[in-house]
Amino acid sequence: MRVLGIETSCDETGVAIYDDRAGLLAHAVYSQVEIHAEYGGVVPELASRDHVRKTLPLIRQVLEDAGLARASIDGVAFTAGPGLIGALLVGSALGRSLAWAWKVPAIGVHHMEGHLLAPLIETPAPEFPFVALLVSGGHTQLVDVIGIGRYRILGESLDDAAGEAFDKTAKILGLPYPGGPELARLAESGDPKRFRFPRPMTDRPGLDFSFSGLKTFTLNTLNKELAVSEDSQRTKADIARAFEEAVVDTLVIKCRRALRETGRRRLILAGGVSANRRLRERMDAAIAAEGGETYYPRPMFCTDNGAMIAFAGCQRLLAGQTEPLAFHPRARWPMGELPPV
Amino acid sequence: MELWLPTEEAQIAFGEQLACALKPPCVIFLEGDLGTGKTTLARGILRGLGHQGAVRSPTYTLIEPYELARAHLYHFDLYRLDDPEELEYLGLRDLLGREAIWLLEWPERGAGLLPKADLLIRMFYQAEGRSLSLTPVTSRGETILAEIGDYPSRQA
């Protein structure tokens, strides 16, 4: 079965075609492509979430990239939630309408399920069951994944997501927002021994996270040091390093704890922060020491994309699940309400 | 009204106290730099209204709605908005007519399309704590301030 996937839940517009036998045939995310004159010129960036202008040209592009005609699509998957309701409506309306016009089944996909299953697009793919750490600007969540549609939330952030803490701390250090990746670069040259930041919520049992207090800790450290220190660049690099160490350590401690508590051996990481080099090194070493294995989707599929929606939708369509003509995108959608496959 | 809150616990306690004076419809703007405690104050308000669970930062989701026994509450964070017109993507228009408590962080990014504030709370870093400045904009805002009027003295 060949499925067109459409992702428009938040900032990115992503489209892909996944085939259950041939694998991923084409994928594109708006920010990585140029839309040429034949579609009415380069689209002005009126608003970053302007999915209306981006989605159809992207669909045309992936069909062309895959060398496929519209008639060879067997199903359409679209992100139906959770997310911004106006953004979800664009992808859902378009996806459902195309499926109706093409006379193929449609399926609304849960955005977070897309992220959870993204490592299964890669080879080797992890076998079920596994523990997943979803760590991005919007989420920090540990999930026990027993099978498709069988998820148990083990823990999550009670305030800021880890990626959000990266972005905001970067801003406090004077980097442009969102500066998570720049902060990680700055940390490369920092001294890990000069400052020690707290590891929030690691000294008590449980798998929840809290990263909001690190902002204040950063600011207080920065103000105290700048008052006495000559070299402010050095100080900022050292703070960036101490901050990154604290976040990475906290994530590693909680993941190890999650594997021990569930008895799983496989850990998958997804979400934008999972592209962080130090996090990967530390996590790989810590999980290997436990006798476990770590899996990551390719960096491009760590952030929002259409491939994960095409893949997850394909699994559900193969299981015979479909979306009625009257579709209902949901801004809030607890993952526990998903049917198993 | 001005007050100084030395710790995160004090910020939450003040939020809980403020919650007692809030009745829908009312709109509160929360202004202040990153890390001054806008979301922390919102957490206190939500707790004061009886919310038990986590209060996630709405920076990425832009809006977190809560259905509480006493009121509906919309917690917005418009930091990532590029253009006020993007408020359409949040379904703002569907929410405008509803009787709810609105907590808006970074309201200046939605200028022109947001409902008018009843109460403006500005937050600043001061020593290790935070100072807060509360300004009523409407008579509803004045009523809220009158109800919590003796808070700083109770603090001391």
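The values are calculated or read from the model by the stated rules, or taken from the named source; none is laboratory data. Here the structure is a predicted model, which means the values were calculated and not measured. Heads up, the Cβs are rebuilt from the backbone with ideal geometry, glycines too, and the neighbour counts pull from every protein chain shown.
So that you can scan it fast, the table gives a plain yes or no per residue for (1) more than 14 Å from chain B (Cβ to nearest Cβ); (2) touching an Asp or Glu at 6+ places or on another chain (Cβ under 6 Å); (3) closer than 20 Å to A:D304 by Cα:
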{"residue": "A:A101", "(1), (2), (3)": "yes, no, no"}
{"residue": "A:L117", "(1), (2), (3)": "yes, no, yes"}
{"residue": "A:G138", "(1), (2), (3)": "no, no, yes"}
{"residue": "A:A162", "(1), (2), (3)": "no, no, yes"}
{"residue": "A:K171", "(1), (2), (3)": "no, no, no"}
{"residue": "A:L186", "(1), (2), (3)": "yes, no, no"}
{"residue": "A:L207", "(1), (2), (3)": "no, no, no"}
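Sort through A:A132, A:A80, A:A87 and tell me the only one that's under 16 Å from A:A326 (Cα atoms), in contact with a helix residue (DSSP H, G or I) (Cβ under 8 Å, 6 or more places away or on another chain), in contact (Cβ under 8 Å) with a residue 60 or more places away in the chain and surrounded by 19 or more Cβ atoms within 10 Å (Cβ to Cβ).
So the residue among A:A132, A:A80, A:A87 that is under 16 Å from A:A326 (Cα atoms), in contact with a helix residue (DSSP H, G or I) (Cβ under 8 Å, 6 or more places away or on another chain), in contact (Cβ under 8 Å) with a residue 60 or more places away in the chain and surrounded by 19 or more Cβ atoms within 10 Å (Cβ to Cβ) is A:A80.
Taking the stretch A:106-129 as the range and being more than 17 Å from A:G336 (Cβ to Cβ), out of contact with any Ser or Thr (no Cβ under 8 Å at 6 or more places or on another chain) and surrounded by 24 or more Cβ atoms within 10 Å (Cβ to Cβ) as the test, the residues that pass are A:A118, A:P119.
Taken over the stretch A:173-228, the criterion of being surrounded by fewer than 19 Cβ atoms within 10 Å (Cβ to Cβ), in a helix (DSSP H, G or I) and under 21 Å from the mean Cα position of the chain (by Cα) is satisfied by A:P181, A:E182, A:R185.
Conditions (1) farther than 18 Å from B:G141 by Cβ; (2) within 10 Å of chain A (Cβ to nearest Cβ); (3) under 14 Å from the mean Cα position of the chain (by Cα), marked per residue:
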position	(1), (2), (3)
B:L22	no, no, yes
B:T39	yes, yes, yes
B:Y60	yes, yes, no
B:E86	yes, yes, no
B:W102	no, no, yes
B:W106	yes, no, yes
B:G112	yes, no, no
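Inclusion of A:Y30 among residues that are in contact with a strand residue (DSSP E or B) (Cβ under 9 Å, 6 or more places away or on another chain), modelled with pLDDT under 95 and under 30 Å from B:P84 (Cβ atoms) is warranted. Residue selection: A:E323 satisfies the criterion of being surrounded by 17 or more Cβ atoms within 10 Å (Cβ to Cβ) and away from chain B (no Cβ under 14 Å).
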